[in-house]
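Asks: Just passing along the structure, written as structure tokens.
The values are calculated or read from the model by the stated rules, or taken from the named source; none is laboratory data. Quantities reported herein were computed from a predicted structural model and do not represent experimental measurements. For neighbour counting, all protein chains shown are included, and Cβ atoms are generated from backbone atoms with ideal geometry for every residue, glycine included.
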Amino acid sequence: MTREGNANTARGAGEFVTQVINNARAAGATGEITMRFDSGFFSRAVRDTASQGNVRICITTRMSKRLKQVIAAIPEETWTSIPYWLEGGADVAEVKYRAFARDRQDVRLIVGRTKPTPGSQLALFRDYDYHAFITDRQGETLFLEADHRAHAQIELVIKDLKGGSGWNHVPSRYKNANAVWLALV
């Protein structure tokens, strides 16, 4: 589903999630729905809207100072190695986390860490790159981490669409103009 105009991810995110849920149900979805979001959707409104719609979520977190402190405090023995192209280069851990300041309950925070590519600039400044998300889904940590990581594949598809089929000229402020452009391309 696309949003009209050049929409900032966070603008109207709660309403957007409601619309997506309603569209899925109207199209006949009767089972459990899971929505995966990037960090632009990391908000209480998105989390609460999904919860009210009985939808499970995985939302990439923003790397705040507080989150960095939580990650730094994860004991080394908590990390589990996962398959990665660089030998011993990736691990996953899960801890409880208070996602938003006024929350009364902790949520699952799943953190992946990867060693930087040898010789890269990142390798000069830190031992790992971290990627974290919150979730209310049930399941094994390793499965949920792999499933959430898979959402990045759609970003690659969008990149390919923009580069090869005119999507780099979308979005116009006008949805109909976008439709015409895509029909012509």
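Asks: Being within 16 Å of GLN138 (Cα to Cα), surrounded by fewer than 16 Cβ atoms within 10 Å (Cβ to Cβ) and under 19 Å from the mean Cα position of the chain (by Cα) narrows it down to one of SER51, SER64, so name that one. Write out each step before concluding.
Replies: Details: SER64 fails: within 16 Å of GLN138 (Cα to Cα).
Just a single option satisfies the conditions, and that option is SER51.
Asks: Inside region 3-97, counting only strands (runs of 3 or more DSSP E) that do not spill past its ends, which hold 1 or more residues that are at pLDDT 90 or above, within 30 Å of ASP127 (Cα to Cα) and in contact with a Pro (Cβ under 9 Å, 6 or more places away or on another chain)?
Replies: Details: elements: 33-37, 55-60, 90-97.
Qualifying strands (runs of 3 or more DSSP E): 90-97.
Asks: Quick test of your reading of the structure: ASN176 fulfils all but one of (1) modelled with pLDDT of 75 or more; (2) under 29 Å from LEU67 (Cα atoms); (3) exposed (fewer than 13 other Cβ atoms within 10 Å of the Cβ). Name the failing condition by number.
Replies: Status for ASN176: all satisfied but (2).
Asks: Of the numbered conditions (1) at pLDDT 90 or above; (2) surrounded by 17 or more Cβ atoms within 10 Å (Cβ to Cβ); (3) not charged (D, E, K, R), THR114 satisfies every one except a single condition; which is it?
Replies: Every condition holds for THR114 apart from (1).
Asks: Does GLU145 satisfy being closer than 22 Å to GLU76 by Cα, touching a Gly at 6+ places or on another chain (Cβ under 7 Å) and either at pLDDT 90 or above or of a type in the set (Ser, Thr, Tyr) (or both)?
Replies: Values: closer than 22 Å to GLU76 by Cα: yes; touching a Gly at 6+ places or on another chain (Cβ under 7 Å): yes; either at pLDDT 90 or above or of a type in the set (Ser, Thr, Tyr) (or both): yes.
Taking the combined requirement at face value, the residue satisfies it.
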